[in-house]
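Below you'll find the structure, written out as structure tokens, and then a few comments.
The values are calculated or read from the model by the stated rules, or taken from the named source; none is laboratory data. Computed from a prediction, not measured in an experiment: that's the story for all the values here. No Cβ is skipped: glycine too gets one built from the backbone with ideal geometry, and neighbour counts run over all protein chains shown.
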Amino acid sequence: MAAPLLRWFGPGRRWPLAWVDSGSRHRRGVPTGSASNRTREQSSVAQQPLCTSQKLRKGEHKWAAVVGLEIHAQISSNSKLFSGSQVCFAAPPNSLVSFFDASLPGTLPVLNRRCVEAAVMTGLALNCHINKKSLFDRKHYFYADLPAGYQITQQRLPIATHGSLTYRVSVGTKRSHMATKTVRIKQIQLEQDSGKSLHDGLRSQTLIDLNRAGVGLLEVVLEPELSCGEEAATVIRELQLILQALGTSQANMAEGQLRVDANISVHHPGEPLGIRTEVKNLNSIRFLARAIDYEIQRQINELEHGGEILNETRSFDSKLGFMPEPNLPPLVLYDTASLPAGAQSQQVINIDQIRDALPELPSVTRERLVQRYGMLPEHSFTLLNEVGLLQFFQNVMKETRAEPKKVTSWVLNVLLGYLKHHSLAVSESPITPSALAGLLDLLDSKAISSSAAKQVFEELWKGKGKTAVQIVSEKQLGLMQDQEALEQLCRSTMEEHPQAVMDMKKGNPRAINKLIGLVRKAALNRADPAVIKALLEKLSS
Amino acid sequence: MWARAVWLTSRGVLGGCQAFATKANPQESGRITAAVIEHLERLALVDFGSREAVARLEKAIAFADRLRAVDTDGVEPMESVLEDRCLYLRSDNVAEGNCAEELLQNSHCVVEEYFVAPPGNISLPKLDEKEPFLHS
């Protein structure tokens, strides 16, 4: 896919305009490089940079970083925003292109209802104000993958504004110490995607595929209230989960359905904001976090050595190149109160109706998990963050008698640990929910000890199709069920080690543990230490 | 159409206001700096290659400035001549596409069902590299 557009050359060096990228949104603005066009906003940095306050302590003064994100999410729909050609990821070049998408003369845009609904749903889920009237504009710039020479967007009056997204970050060094933060959403707008360019350096040409041209996008603009890569990564992940829960976008970064641009600047707290640079074309959340932190560090280093930050692509803050889209009337939305009588249901969109039909959002799901299963909030976060893990957990819960806390612990600690260690996704797990449920049942009924359970897990991991029960019987891992025999073992061990018995009676803990260990060994590890301890105490009293 | 887009953008640069708001402070007509010309050229890919062209641009702006004579106090700007009409909503069905062959016939240069375009951006010479003819 696209080569990431990162500017990380040495200090003091001007960055060339790098146009070599495929599948990126092309932001062509006025190359500045001079001081006169710096953007100095008056808004202050409100929130404490919890995660980076230590890292940014360099030189004499503390540095604060300001990160603003612009997210483009491809709307999950059958057809494009303004035409009836199909939306599909992989297809023969230029096969999903209508006359309108190719910008042939005489064609007109016709708005896709599903895209409007997706925008309203997303706006509601992000606590936005939905504009009952929004307008479409043309944003002009020249690039080969934009055949019309302009992109239809909603610059002046977008469909949704003034929302918020809540997320949790760790505070300080303790992992369990989390704080809830909110980032404000400036606006959400509908706009067209551009086609894709493939650069052929050898023959000095660009190959254009317009399959993606005209696909509906939701642009989500966040206020610049983030302060480091980790916060950005958390926000993006939460937005991904929300979009996926709503079904408005599959939000898969690797497939280009979710694209994030980050605007980054640094300054001393209390002083005006610094010059922004832009980081684009990142196709994974992890890479995004690292790129942002790298850029923050680079800017700090640059400024501390007396250099200055140069901005080569001042993007579309400048209100130039915009005009109203003359072919589209304003988009009018209704609620139940304002719904015109006798209106065709296909032609009106009722915000209240959409609100009532919203699916369960991740934050609600997490709350429900905490309430129902008594797990810690951070567990609910982990369950939702790993793709497929929540489903796995719920499937295990359906089939096992074991307590939710046990299931949570085994899924989050043992299973997830193994998956991470082997770099596997949940969908690739060699252990099925049923298999794990079987194992947990054995534990629950005390048929095996917890150490034996770990061994069974290891065996199940090999994925040979055996059940937990089979493995236990094959490897003789089951706990001794014969209480009499166990008692006999305890007695004989005590007779062999009278000194330890005496020490035990005096209350020496090491003596007890030694005896327990001996009995266990004699029982071929098929006895629970707690049970042994109880027996020893009974026999010695 | 180009002239109109250029007019709108140059008004934005000169007046420092939104591209389609006309309630700006009265500007002195006339002098357009070389930096503005370069900016416009970059945006609109139009070559103001001569003094005559710049003079023509200045005259066009002065001509359009006469709009200021209209009193628009208390009048809401019109968004579009369609602003009273209903925006038609199409159902999300696939009804078009699959005409790659037809579309590619329009292209002068084609490689394996891709349109072919020149590489990257058309780089314009920087201001100081140009033949000097403008003195601001």
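Test each condition in (1) under 21 Å from A:K133 (Cα atoms); (2) surrounded by 15 or more Cβ atoms within 10 Å (Cβ to Cβ); (3) not polar (S, T, N, Q) for A:D352 and report the one that comes out false.
With (1) under 21 Å from A:K133 (Cα atoms); (2) surrounded by 15 or more Cβ atoms within 10 Å (Cβ to Cβ); (3) not polar (S, T, N, Q) applied to A:D352, the lone miss is (2).
Can you find even one residue in segment A:53-75 that is modelled with pLDDT under 95 and of a type in the set (S, T, N, Q)?
Yes, there is a match, as at least one residue in segment A:53-75 is modelled with pLDDT under 95 and of a type in the set (S, T, N, Q).
Quick one: A:E378 ticks every box in (1) within 12 Å of chain B (Cβ to nearest Cβ); (2) surrounded by fewer than 19 Cβ atoms within 10 Å (Cβ to Cβ); (3) acidic (D, E) bar one, so which box is it?
Among (1) within 12 Å of chain B (Cβ to nearest Cβ); (2) surrounded by fewer than 19 Cβ atoms within 10 Å (Cβ to Cβ); (3) acidic (D, E), the lone unmet condition for A:E378 is (1).
Is at least one residue of segment B:67-79 within 14 Å of chain A (Cβ to nearest Cβ), out of contact with any helix residue (DSSP H, G or I) (no Cβ under 6 Å at 6 or more places or on another chain), part of a loop (DSSP other than H, G, I, E, B) and crowded, with 16+ Cβ neighbours inside 10 Å?
Yes, because at least one residue in segment B:67-79 is within 14 Å of chain A (Cβ to nearest Cβ), out of contact with any helix residue (DSSP H, G or I) (no Cβ under 6 Å at 6 or more places or on another chain), part of a loop (DSSP other than H, G, I, E, B) and crowded, with 16+ Cβ neighbours inside 10 Å.
From B:L14, B:L45, B:L57, B:L82, which residue is away from chain A (no Cβ under 13 Å) and either modelled with pLDDT under 85 or surrounded by 15 or more Cβ atoms within 10 Å (Cβ to Cβ) (or both)?
B:L57
Pick out the one residue from A:E378, A:E325, A:E386, A:E360 that is touching a strand residue (DSSP E or B) at 6+ places or on another chain (Cβ under 7 Å) and under 29 Å from A:K420 (Cβ atoms).
Residue meeting the stated conditions: A:E378.
Restrict the check to segment A:112-124 and report whether at least one residue is surrounded by fewer than 24 Cβ atoms within 10 Å (Cβ to Cβ), touching a residue at least 24 places away in the same chain (Cβ under 8 Å), within 7 Å of chain B (Cβ to nearest Cβ) and not aliphatic (A, V, I, L, M).
yes
Out of the residues in segment A:90-103 meeting the condition of being under 25 Å from B:R85 (Cα atoms) and surrounded by fewer than 24 Cβ atoms within 10 Å (Cβ to Cβ), tell me which one is farthest from the other protein chains (Cβ to nearest Cβ).
My answer is A:S103.
Looking only at segment A:339-375, count how many residues are more than 14 Å from chain B (Cβ to nearest Cβ), of a type in the set (G, A, S) and over 29 Å from A:M253 (Cα atoms).
2
Yes/no matrix, rows are residues, columns are (1) among the β-branched types (V, I, T); (2) in contact (Cβ under 8 Å) with a residue 60 or more places away in the chain:
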| site | (1), (2) |
| --- | --- |
| A:N301 | no, yes |
| A:N311 | no, yes |
| A:L333 | no, yes |
| A:R355 | no, yes |
| A:V370 | yes, no |
| A:F381 | no, yes |
| A:L384 | no, yes |
| A:L390 | no, no |
| A:V411 | yes, no |
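At least 3 residues that are buried (at least 18 other Cβ atoms within 10 Å of the Cβ) in each: list the strands (runs of 3 or more DSSP E) lying fully within segment A:235-331 that qualify.
A:258-267, A:277-279
Hey, could you check segment A:204-218 for residues that are among the hydrophobic types (A, V, I, L, M, F, W, C) and within 10 Å of chain B (Cβ to nearest Cβ) and say which is surrounded by the fewest Cβ atoms within 10 Å (Cβ to Cβ)?
Only one residue tops the list, namely A:L207.
Anything in segment A:496-535 that is under 19 Å from A:A453 (Cα atoms) and touching a residue at least 12 places away in the same chain (Cβ under 8 Å)? List them, or say none.
Scanning segment A:496-535 gives A:R520, A:A523, A:L524, A:N525, A:R526, A:A527, A:D528, A:P529, A:V531, A:I532.
Sort out which residues of segment A:159-193 are under 30 Å from B:V46 (Cβ atoms) and assigned to a loop (DSSP other than H, G, I, E, B), and write them in order of number.
If the condition is that a residue be under 30 Å from B:V46 (Cβ atoms) and assigned to a loop (DSSP other than H, G, I, E, B), then A:D193 is the only one that fits.
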